[in-house]
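Novice: Take a look at the following structure, please.
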Amino acid sequence: MEREPTPWERMEAADAYVPPLLAPALKRLEAGFDRFLDDAAARTELDGLLESFAGRPTALTEALHLGRRWGGRVFLKREDLVHGGAHKLNNALGQCYLAQYMGFREVIAETGAGQHGVATAIAAARFGLKAHVYQGAVDVERQSLNAHRMRLFGATLHPVYEGSQTLNDAVNAALRVWVGRHEEAAYCLGSVTGPRPYPRIVRHFQRVIGDEARRQVRRVTGGLPDCLVACVGGGSNAAGLFTAFVDDPSVALLACEAAGAASLTFGSLGTLHGTESLVLQTPERNIAPTHSISAGLDYPGVGPWLAGLKLGGRLQSVAITDDQALDGLEELAREEGVLCALESAHAVAGARQWLARNPGRTCVIGISGRGDKDLDSYLKARGG
Amino acid sequence: MGVGIYFTLLDFGLPASLAVLQAAARAGASLLEVGLPFSDPLLDGPVIQAGHRRALAGGEVPWADICDAVGEVRRTCGAARVSVMTASQLLYDPIRAARLPPVDGILVTDIAWDRPSPVMLTSPRVWFLSQGVVLAAPLPPPPEPVSMVYLTRVQGITGADQAAADTTAQAVRRVRSQTPVDVWLGFGASTRADLAAADAAGATGVVIGSAFVSAMELRARELGSGTPDAVRARVLAEAAGAWVDALVRP
């Protein structure tokens, strides 16, 4: 007998705020995804690619020096080792697989700093799909290396000159194009946000992070960790790590947000981009401006599954400042020889705080990506 | 054949936006679609997005003032029907939503088309349908009482240069078989030819957004940013009246 859905699963499955313009395309996508889930051969084929192309499983590294300094056991789930340098490829590979499985020849994606755009371009190249990536013109300029990478992978990069010329405008432009072209092109969405079925699809393709971590940590420690710590912007890396442990009440879940974009910590219920979730909003219900040194966390909403966990008391969240994140990045690099992304550095800072309150415990930190892309930001902030 | 005009409240300032809507009604627009300014309009084209940004450029306006302005449009725009077009986020809080004065319809752009509104509506719902939805499968009746239907003319987004699809007549027929209310076509209409095509397709009228807002924007740019509010309101009202008049005059 199927169990009752949890409150967070119900929030993830809600579709009351799906824009009618997107409804036909989303319905078709959900049907394709469900067909894929029932197709064992297709799932096996994708699993094979995750191994042979993306480099999975990724390592679980015990951070011995941090453990000694902080007073506990610390493990790093190393998504920085995924091809492309971040967990984003898990999802892009899954969604591009799904696109060609459903018979599409093209994919459309939005990107902010460029990580999801690069991952989509990589996956599209692997499947022989034509990728169209929409990026705000300001971001194209700021992240010129990623723009070059996308083009090298054969993607067509469409700079968006509307509005503030950043992520939100890119999302809008890409979705508008998709509304008119959903017969020919799939839309590859980068996080566990947006309208149903995207939160469920993206979490499914990212849950490999936690599935692996669970096996790996049991093998080393003989049991489950006391806490999982992950950074949260939209929340794909956190949802991916947490899913395999969410039914184990002994495992604490800690979401580390950027203090200037902390929708789980400071947000309230509202609707954004086709979904009902915790949203940072002004008293007049406009979407609040956000800030983070880390582009990947600079988002005013959060995935509905994570919002449901927070509202249901299953997840704690903490707001990490830019400075605390930079300290985390430095400490991890110096002590463990791992240069993590600024996003992941928020989780490092959060884990340190958690172990200070829970000495002697074991935690797993999701290292969502590598930090090479952030060196400029780091040097600008810390003067190099 | 009815002409509906979309304009964002507070675009070019409160006095100008009210004057534009009033002038459009005087010139013969039979539906005024009043957009409520929002920071993150989804799926609107660049012209309408820019209108929202201009409306909020001077800072946020209290909800009570927005509600007052909607009420004033209703009171001062004569025989035209008035509907409010908004994102669900602005009506999410039922205490705020309850303050919106009664109009002829409320169109929420991001709620599921096939079930009752999840947010409180103080006026009857405008049933927002895309042709993709209408043509994909047999259309059920509206999920709750509706005062009119807003049907996207082509499968696409707001913008003035989209080609008409020959499926429109079929979509209008399907909608009319399920509800007796007015059926307005939106997205991409801007010319007399569009009006004639909508007429031939059996629609009540077309709602014109981007082309009209572009014309107002052009006129406002000619005025320059230092123009006093009252002057801008008068000049834009003249431009709005002339624009609508040119479209509706036989």
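The values are calculated or read from the model by the stated rules, or taken from the named source; none is laboratory data. Only a predicted model underlies this, so the values are computations on that prediction, with no experimental measurement involved. Note that each Cβ is placed from the backbone with ideal geometry, even for glycine, and that neighbours are counted across all protein chains shown.
Novice: In the list A:ALA31, A:ALA40, A:ALA16, which residue meets the criterion of being modelled with pLDDT of 95 or more, within 14 Å of chain B (Cβ to nearest Cβ) and surrounded by fewer than 16 Cβ atoms within 10 Å (Cβ to Cβ)?
Specialist: Within the list A:ALA31, A:ALA40, A:ALA16, the selection yields A:ALA31.
Novice: So which residues in the stretch A:237-285 are within 12 Å of chain B (Cβ to nearest Cβ), among the polar types (S, T, N, Q) and over 26 Å from A:ALA92 (Cα atoms), if there are any at all?
Specialist: A:SER268, A:GLN281, A:THR282 - these are the residues of the stretch A:237-285 that are within 12 Å of chain B (Cβ to nearest Cβ), among the polar types (S, T, N, Q) and over 26 Å from A:ALA92 (Cα atoms).
Novice: Evaluate the following for A:GLU141: is it away from chain B (no Cβ under 12 Å) and more than 30 Å from A:LEU76 (Cα to Cα)?
Specialist: Against the criterion (away from chain B (no Cβ under 12 Å) and more than 30 Å from A:LEU76 (Cα to Cα)), A:GLU141 qualifies.
Novice: Okay, next question. Name every residue in the stretch A:59-86 that is within 24 Å of A:ALA295 (Cα to Cα) and touching a strand residue (DSSP E or B) at 6+ places or on another chain (Cβ under 9 Å), in order of residue number.
Specialist: Selection gives A:LEU76, A:LYS77, A:ARG78, A:GLU79, A:ASP80, A:LEU81, A:VAL82, A:GLY84, A:GLY85, A:ALA86.
Novice: Which of the residues spanning the stretch A:48-59 are part of a loop (DSSP other than H, G, I, E, B) and either loosely packed, with under 11 Cβ neighbours inside 10 Å or within 19 Å of the chain's Cα centre (by Cα) (or both)?
Specialist: Scanning the stretch A:48-59 gives A:ALA54, A:GLY55, A:ARG56, A:PRO57, A:THR58, A:ALA59.
Novice: Go through the stretch B:221-250 residue by residue and tally those that are more than 20 Å from the chain's Cα centre (by Cα) and either of a type in the set (Gly, Ala, Ser) or closer than 13 Å to B:ARG54 by Cβ (or both).
Specialist: Here the count works out to 6.
Novice: Continuing with this model, one more query. Among the residues of the stretch B:86-126, count how many are at the interface with chain A (Cβ under 9 Å from one of its Cβ atoms) and in contact (Cβ under 8 Å) with a residue 40 or more places away in the chain.
Specialist: Residues that pass the stated criteria total 5.
Novice: Taking the condition part of a loop (DSSP other than H, G, I, E, B), modelled with pLDDT under 95 and at the interface with chain A (Cβ under 9 Å from one of its Cβ atoms), does B:GLY132 pass?
Specialist: Judged against the criteria, B:GLY132 is not a match.
Novice: Report yes if some residue within the stretch A:183-194 is more than 15 Å from the chain's Cα centre (by Cα), surrounded by 24 or more Cβ atoms within 10 Å (Cβ to Cβ), of a type outside the set (Lys, Arg) and more than 26 Å from A:GLY72 (Cα to Cα); otherwise report no.
Specialist: Yes, there is a match, as at least one residue in the stretch A:183-194 is more than 15 Å from the chain's Cα centre (by Cα), surrounded by 24 or more Cβ atoms within 10 Å (Cβ to Cβ), of a type outside the set (Lys, Arg) and more than 26 Å from A:GLY72 (Cα to Cα).
Novice: Among the numbered criteria (1) touching a residue at least 40 places away in the same chain (Cβ under 8 Å); (2) of a type in the set (A, V, I, L, M, F, W, C); (3) within 14 Å of another protein chain (Cβ to nearest Cβ), which single criterion is violated by A:VAL302?
Specialist: Going through the list (1) touching a residue at least 40 places away in the same chain (Cβ under 8 Å); (2) of a type in the set (A, V, I, L, M, F, W, C); (3) within 14 Å of another protein chain (Cβ to nearest Cβ), A:VAL302 breaks only (3).
Novice: Here is a follow-up. Residue by residue through the stretch A:18-47, note down the ones that are over 16 Å from A:GLN100 (Cα atoms) and either of a type in the set (Gly, Ala, Ser) or part of a loop (DSSP other than H, G, I, E, B) (or both).
Specialist: A:VAL18, A:PRO19, A:PRO20, A:LEU21, A:LEU22, A:ALA23, A:ASP38, A:ALA40
Novice: Follow-up question, since we're still on this one. What's the number of the condition A:ALA349 fails, among (1) hydrophobic (A, V, I, L, M, F, W, C); (2) farther than 20 Å from A:SER263 by Cβ; (3) part of a helix (DSSP H, G or I)?
Specialist: Among (1) hydrophobic (A, V, I, L, M, F, W, C); (2) farther than 20 Å from A:SER263 by Cβ; (3) part of a helix (DSSP H, G or I), A:ALA349 violates only (2).
Novice: Among the residues of the stretch A:144-161, count how many are at negative phi, without any contact (Cβ under 8 Å) to a residue 40 or more places away in the chain and not in a helix (DSSP H, G or I).
Specialist: Residues meeting the conditions: 7.
Novice: Are any residues in the stretch B:37-80 at the interface with another protein chain (Cβ under 8 Å from one of its Cβ atoms) and more than 16 Å from B:GLY209 (Cβ to Cβ), and if so, which ones?
Specialist: Matches in the stretch B:37-80: B:SER39, B:ASP40, B:LEU56, B:GLU60, B:VAL61, B:PRO62, B:TRP63.
Novice: So A:ALA63 ticks every box in (1) within 14 Å of chain B (Cβ to nearest Cβ); (2) in contact with an Asp or Glu (Cβ under 9 Å, 6 or more places away or on another chain) but one. Which box is left unticked?
Specialist: (1)
Residue-by-condition table, conditions (1) assigned by TED's automatic domain parsing to the domain that holds A:GLY103; (2) in contact with a Cys (Cβ under 9 Å, 6 or more places away or on another chain); (3) assigned to a strand (DSSP E or B); (4) in contact (Cβ under 8 Å) with a residue 40 or more places away in the chain:
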| position | (1), (2), (3), (4) |
| --- | --- |
| A:GLY163 | yes, no, no, no |
| A:GLY180 | yes, no, no, no |
| A:TYR187 | yes, no, yes, yes |
| A:ARG218 | no, no, no, no |
| A:THR243 | no, no, no, yes |
| A:LEU253 | no, yes, yes, yes |
| A:THR265 | no, no, no, yes |
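Novice: With A:VAL318, A:VAL338 as the choices, which residue is in contact (Cβ under 8 Å) with a residue 24 or more places away in the chain, of a type in the set (A, V, I, L, M, F, W, C) and not in a loop (DSSP other than H, G, I, E, B)?
Specialist: A:VAL318
Novice: Additional query: Kindly indicate whether B:ARG75 is crowded, with 17+ Cβ neighbours inside 10 Å and either touching an Asp or Glu at 6+ places or on another chain (Cβ under 6 Å) or over 14 Å from A:PRO19 (Cβ atoms) (or both).
Specialist: For B:ARG75, the condition - crowded, with 17+ Cβ neighbours inside 10 Å and either touching an Asp or Glu at 6+ places or on another chain (Cβ under 6 Å) or over 14 Å from A:PRO19 (Cβ atoms) (or both) - is not met.
Novice: So which residues in the stretch B:152-197 are within 14 Å of chain A (Cβ to nearest Cβ) and modelled with pLDDT of 95 or more?
Specialist: B:VAL175 - this is the single residue of the stretch B:152-197 that is within 14 Å of chain A (Cβ to nearest Cβ) and modelled with pLDDT of 95 or more.
Novice: Here's a follow-up. Which residues, taken from the stretch A:64-80, are farther than 21 Å from A:GLY223 by Cβ, surrounded by fewer than 21 Cβ atoms within 10 Å (Cβ to Cβ) and of a type outside the set (Lys, Arg)?
Specialist: A:HIS65
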